[in-house]
1. Can you check what the Kirkwood hydrodynamic radius comes to for segment 44-105, Cα pairs only, in Å to one decimal?
2. Please give the calculated 222 nm ellipticity per residue for the chain, where each DSSP H segment of at least 4 residues contributes -39500 (n - 2.57) and the sum is spread over every residue; nearest 500 deg cm²/dmol?
3. Within the chain, what's the longest stretch lacking chymotrypsin sites (Phe, Trp or Tyr not before Pro) that sit in DSSP loops with no more than 15 other Cβ atoms inside 10 Å?
4. Within the chain, what is the longest stretch that has no trypsin sites (Lys or Arg not before Pro) placed in a DSSP loop and near at most 13 other beta-carbon atoms within 10 Å?
5. For the chain, what mean projected area does the convex hull of the alpha carbons give, in nm²?
6. Based on the Kirkwood radius over alpha-carbon pairs, what is the Stokes-Einstein translational diffusion coefficient of segment 450-552 at 37 °C with 0.692 mPa s viscosity, in µm²/s?
7. Return one whole number: the accessible area per residue of segment 227-311 in Å², for a 1.4 Å probe.
8. If you fit an axis through the alpha-carbon atoms of helix 5-44 and take the longest principal axis of the Cα set of the chain, what angle between them do you get, 0 to 90°, nearest 10?
Amino acid sequence: MENSPIIIALNLAAAAGLLIWAVRLVRTGFERAYGNNIRLWMKRTTKNRVSASITGAAAAILLQSSTAVILLLAGFMSAGAIATRAGLALVLGADLGSAIAVQILNSKIAVLEPILLLAGVTLFLRSSRRTFRQLGRILIGLALIFVSLDLIRLASQPVAEAQALQAITVYLSGDLITAFILAALFAWFVHSSVAAILLLAMFTAYGILPVDAAFAMVLGANLGGALIAFVLTLRSELPVRRVVIGNLCLRGGGAFVGLFCIAQFQLSDLLQGMSDEQKVLGLHVLFNFSLVMIGLLLLRPVLRLIELLVPSRAAFDGQSIHRSVLDQAVLNQPERAFSCARREMVEMGNRVEAMLREAMDLFDVFDQRAADGLRDEHAKIARMANDVRVYLSSVRSTDRKEAIGTRAFDLASNAVNIETGSDIIARKIISLARRKHLEKTNFSDQGKAELLDFYDHVLRNVQQGIVVLMSDDVDIARSLVEQKETVRDLEQELEKKHLIRLSDGQTASIETSAIHIDLLRSLKTLNSSFATLAYPLLIETGELLESRLSSV
């Protein structure tokens, strides 16, 4: 019974599922604990293509995912903080970093599995600090990766002797294109090329996959990994899509070239003195290293080609066009009506995010026409918020037992909070930018860097607030409220640093002191208005007690 095909298939599927989940656990732990630090580090170390590629590789090793690095990069590129050329170099480096991560996870550090698991569980259960709890999550994830690999090894032993599977693997050896496509689809389906490559390495080690078929599938998994980011950024801004498409062309094109070479030459003979498993992992690293080298050399012509493939469209003011999704026909169906209200508020949040990006640009070059446009945008958001409140007040239910008042009130409060955010930008932040322009002053270099870093924190929290509206994700909501205290403490720390520069007599700091302090406080208030979007969800789930996060 234990060696029946069904039991073996279930064991393999369960082990593979654990591996996929464990990789995701490590990635989310790093994102939640060190996401802001990684974002700022990426922003500061992408001044040229070489440093950008090194940064991308290091970030991917930490996050166990090149896709996660690309999604972080998208925010910077949308804000104009990272150029397209540096962005593509960073993504190529991230691909190499994810390949190195696979090597690390498959190394002898697996002997630390019990220590990692014990330390991770202890930190997660016993620590009250969020960073330590997320560090525990990372250690647990790493330990579970090693556990899942052990389970795959155990489940693979009887599979290697199965005649039916041997027939399939023999077929894949003769049909490398099919093997290539299957691996690409699998990597895209599980949204992790790291997990896919680890699985392929295990199957090769136990003779389930011939080396040539495994080579083809490694290249297919690389194509699938590039497709993940392509699909996730289809609606991103033009520079982001150009970088992702450039990566897809290089990685996908390189994968097809590699597949042709495998079909024509015995590449496995080039990696002498290595086990089959090491050959598979070695090819993965070699492939991505080659792409980095070729990509950095051909960066400019590749981007020119992508600009031809993805041309700029004629500019138009898309924000001036808005079609309300507040469907009057479903007012007697609370669930559908509330869904319409949430969709409208997501649109409002997106508009506030765009306002914040453009308003911060005014501190570099003030444009009165852009400032007037932002004030007009605030007026539109205020009208949308009023429409949402009126709409929610009209929601009725045919079921008298259905309580809709509390939910309608919570949603209406969220609409007010989003409108408050746009009001802070239109009335306060733009006025500060205009004042700086009229007084012809400039922030000190250190002061400007601190303001931009603080803005990055707030921008990320605005984006997280929008995600909470869309998804009702309790973990993100909790993180958003925790960030409220972090931002408050950071604002106080930056004020102290500014006062120290004043006491040192720095002219630039003295001239812009009032603007600097007011901008910090305005951004903190904006952050608070979006952090409040998480309160209704946390109260409903018992995560927020007396305006404070619960300890569990």
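The values are calculated or read from the model by the stated rules, or taken from the named source; none is laboratory data. All values derive from a computational prediction rather than experimental measurement. In this analysis, Cβ positions are derived from the backbone assuming ideal geometry, glycine residues included, and neighbour counts consider all displayed protein chains. Note: areas computed on protein heavy atoms with side chains; ligands, DNA, RNA excluded. Shrake-Rupley method; radii C 1.70, N 1.55, O 1.52, S 1.80 Å.
1. After inverting the pairwise mean of 1/r, the radius is 11.0 Å.
2. Details: 22 runs with 426 residues, N = 552.
Rounded to the nearest 500, it is -26500 deg cm²/dmol.
3. Numbers: sites that count: Phe265, Phe316.
After excluding every exposed loop site, the longest remaining stretch is 1-264.
4. Values: sites that count: Lys47, Arg129, Arg235, Arg313, Arg323, Arg396, Arg400, Lys401, Lys440.
Formally, the longest exposed-site-free interval is 441-552.
5. Directional mean of the projected Cα hull area for the chain stands at 30.7 nm².
6. Details: Rh = 14.7 Å.
Estimated diffusion coefficient is 224 µm²/s.
7. Heavy-atom SASA per residue in segment 227-311 reads 54 Å².
8. 40 degrees
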